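*Asks:* Dumping the structure here so I can ask a few things about it.
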Amino acid sequence: MVPVRSLTLSASGAAQAKAEGLSRRTCLQALPIALSPLLLAERAHAGAQVEEPLIDSVRTALSSAIANQAPPVPEFKDTESRLAYLRWLGTMSDRLKKKKPEWQIRKEFLQTVWYESKRAGLDTTLVLGLIQVESNFRKFAVSNVGARGYMQVMPFWTRVIGDGDPAKLFHMQTNLRFGCVILRHYLDRERGDLFMGLGRYNGSRGKSPYPDAVLGASKNWVFTA
């Protein structure tokens, strides 16, 4: 028969157990403090976009994104254009591998960034730089002001043009469509002024830290064919 372990502790054993209990309790109490830098690192530090009236074409572009479920499929006018895209995809994929290790996820993300950037008339380099600053390529990033997803889109936009469900902003194409169309809208409002348009996107119009950060990060995504 296997002996049953005694439930009675010696005095020294009790003292040891008490000490271990205190030690574990101390560690557990200290855990949130130790983890706080990690928790902060997982949050996004976006600014607060300002709710503004939208022209009909912008509303239509945003509304259509909510219904899209699958990543968009790029189309090309000729073979050379397609080959240029594939070279870009390969180069960007290598650079993004540490952030998104899985090839299929990385491919769909870059494919959608390329599609939505071109659709909105934006440079993919600028969009990737903005995503790096806004969310560090984290799909489910949430800032302290409630901005969501890759491009840190404020939840009020879904109320303005959709059903008001902020969870939809975690859908990849919806988030990238919103971010690109809103950035294009702000740039148009600022007559193409990149500095002011980026500041408006971040809710810090006229201040330099955010535009400087995005333009600096954009250098990581420059592509030379």
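The values are calculated or read from the model by the stated rules, or taken from the named source; none is laboratory data. Here the structure is a predicted model, which means the values were calculated and not measured. Using ideal geometry, Cβ is built from the backbone for each residue, glycine included, and neighbour counts are taken over all protein chains shown. When the accessible area is computed, the model is the full protein with side chains, heavy atoms only, and any ligands, DNA or RNA have been set aside. Shrake-Rupley method; radii C 1.70, N 1.55, O 1.52, S 1.80 Å.
*Asks:* Under a crude label model (7 Å from the Cα following the beta-carbon direction), how far is SER204 from ALA167 in nanometres?
*Replies:* If labels sit at SER204 and ALA167, their model points lie 3.2 nm apart.
*Asks:* In the neighborhood of THR124, defined by Cβ-to-Cβ distances under 14 Å, what is the net charge if each Lys or Arg adds +1 and each Asp or Glu adds -1? Walk me through the intermediate numbers first.
*Replies:* Numbers: positive: ARG87, ARG95, LYS118, ARG119, ARG184, LYS219; negative: GLU116, ASP123.
That sum, taken over residues with Cβ under 14 Å, equals +4.
*Asks:* When Lys and Arg each count +1 and Asp and Glu each count -1, what net charge do the other residues less than 12 Å away from PRO71, Cβ to Cβ, add up to? Intermediate values should be presented prior to the final figure.
*Replies:* Details: positive: ARG106, LYS107, ARG177; negative: GLU108, GLU116.
Around PRO71, the charge tally is +1.
*Asks:* I want the local charge near VAL153. Using Cβ-Cβ distances under 11 Å, sum +1 for each Lys or Arg and -1 for each Asp or Glu among the other residues. Walk me through the intermediate numbers first.
*Replies:* On the way: positive: ARG148, LYS168, ARG177; negative: GLU134.
Taking every other residue near VAL153 into account, the sum is +2.
*Asks:* Once the piece of chain linking ASP56 and PHE137 is laid out straight, how much longer is it, given 0.36 nm per residue of separation minus the C-alpha distance between them?
*Replies:* Numbers: separation 81, 0.36 × 81 = 29.16 nm, distance 3.00 nm.
Additional length available on full extension: 26.2 nm.
*Asks:* Give me the extension gain from THR79 to ASP94: residue separation times 0.36 nm, minus the current Cα-Cα distance, reported in nm with one decimal. Working shown, then result.
*Replies:* Details: separation 15, 0.36 × 15 = 5.40 nm, distance 2.28 nm.
Value of the extension gain: 3.1 nm.
*Asks:* Rank-order 83-94, 130-141, 182-193 by packing density, defined as the average count of other C-beta atoms within 10 Å over each peptide's residues, highest first. It would help to have the intermediate numbers written out before the result.
*Replies:* On the way: 83-94: 14.5, 130-141: 20.5, 182-193: 16.9.
Averaged packing, sorted descending, gives the order 130-141, 182-193, 83-94.
*Asks:* Here's a follow-up. Provide the packing ranking of 119-127, 147-155, i.e. peptides ordered by the mean count of other C-beta atoms within 10 Å per residue, highest first.
*Replies:* On the way: 119-127: 17.8, 147-155: 25.6.
Descending packing order for the listed peptides: 147-155, 119-127.
*Asks:* Probe radius 1.4 Å, ligands and nucleic acids ignored: give me the carbon and sulfur share of the accessible area of segment 79-225 as a rounded percent. Provide the component values of the computation, followed by the final result.
*Replies:* Details: 3370 of 6540 Å².
Taking all protein chains in place, segment 79-225 shows 52 percent carbon and sulfur surface.
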